[in-house]
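The values are calculated or read from the model by the stated rules, or taken from the named source; none is laboratory data. Every value quoted in this text rests on a predicted model; they were computed, and no experiment measured them. All Cβ positions, glycine included, derive from the backbone under ideal geometry; neighbour counts span all protein chains shown. With ligands, DNA and RNA removed, areas are computed over all heavy atoms of the protein, side chains included. Shrake-Rupley method; radii C 1.70, N 1.55, O 1.52, S 1.80 Å.
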Amino acid sequence: MNIEGKVALITGAGHVMGIGYAIVRQLLGKRVKGVGILDINDENGREVLDILQNEFGEHRVIYVNCDVTSKTDLEGAFEKVKTHFGKLDIVCNNAGIQNEVNWELTLNINLMGTIRGTYLALEHMGVNYGGSGGIVINTASIAGIMTTSHLPVYGASKHGIVAFTRSIASNRTFKENKIRVSAFCPAKVDTPIQD
Ligand SMILES: NC(=O)c1ccc[n+]([C@@H]2O[C@H](COP(=O)([O-])OP(=O)(O)OC[C@H]3O[C@@H](n4cnc5c(N)ncnc54)[C@H](O)[C@@H]3O)[C@@H](O)[C@H]2O)c1
């Protein structure tokens, strides 16, 4: 797939050891026009921004503070990325946590944040909304396919992402708006979420 010249937005890509950061590096290496990184952790986000701007060019990456549990935050961040780069083609809903104590937050970030991001992608990329269509990629997990007795709510959130993505991928409105939606399910990766 040729993604040269495309503009991408990715949530939860603010850590150098994270999966989101690895995705951003791949996108920039494959010559996308620009990437907007959205994260809640500004210190880590600025570190990532510095590294990427030095390596790939100052004008190809921006960092936006954004809490995916806030619809207002997410809407503002989508606007910023689109205004900065002039368009939006790829949305990666990647932010996630593993917190079984504050399990409401886990559902709010992992599942509801992904749903928020997917519906905003429709409004910002859909052909019936003035866009050119695009792609949404949701980070699920192997915990979205198999049972995880030690992480029941995390597993539920990821099963939710898989179910939502599979349904919305064949949804008529998304098809009419030329938005393709998919998810991927990594197994264990050594990232800060494991801490
Ligand atoms: N590491 C693994 O083994 C593994 C396996 C399968 C799936 N995943 C998924 O991959 C994704 C990325 O996780 P990771 O492993 O790279 O860990 P990570 O902790 O490096 O990445 C998560 C990022 O999300 C950010 N974040 C947390 N809450 C947020 C919020 N409210 N709004 C915006 N950003 C927020 C964090 O600051 C962090 O940068 C997650 O969805 C995770 O569930 C990870």
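Could you please let me know if residue 65 is without any contact (Cβ under 8 Å) to a residue 12 or more places away in the chain, polar (S, T, N, Q) and farther than 16 Å from residue 124 by Cα?
Criteria not met by residue 65.
Check whether at least one residue in the stretch 168-191 is open to solvent by less than 50 Å² (accessible area, probe 1.4 Å) and more than 24 Å from residue 134 (Cα to Cα), and report yes or no.
Taking every residue of the stretch 168-191 in turn, at least one turns out to be open to solvent by less than 50 Å² (accessible area, probe 1.4 Å) and more than 24 Å from residue 134 (Cα to Cα).
Can you tell me which residue in the stretch 141-167 is least open to solvent (accessible area, probe 1.4 Å), limited to those that are of a type in the set (Val, Ile, Thr) and part of a loop (DSSP other than H, G, I, E, B)?
148
Restricting to the stretch 1-58, give me the number of residues that are within 13 Å of the ligand (Cβ to nearest atom) and polar (S, T, N, Q).
Going through the stretch 1-58 one residue at a time, the tally reaches 3.
Checking residue 134 against (1) of a type outside the set (S, T, N, Q); (2) away from the ligand (no atom under 16 Å from the Cβ); (3) loosely packed, with under 14 Cβ neighbours inside 10 Å; (4) under 19 Å from the mean Cα position of the chain (by Cα): exactly one of these is not met. Which one?
That leaves (3) as the condition not met.
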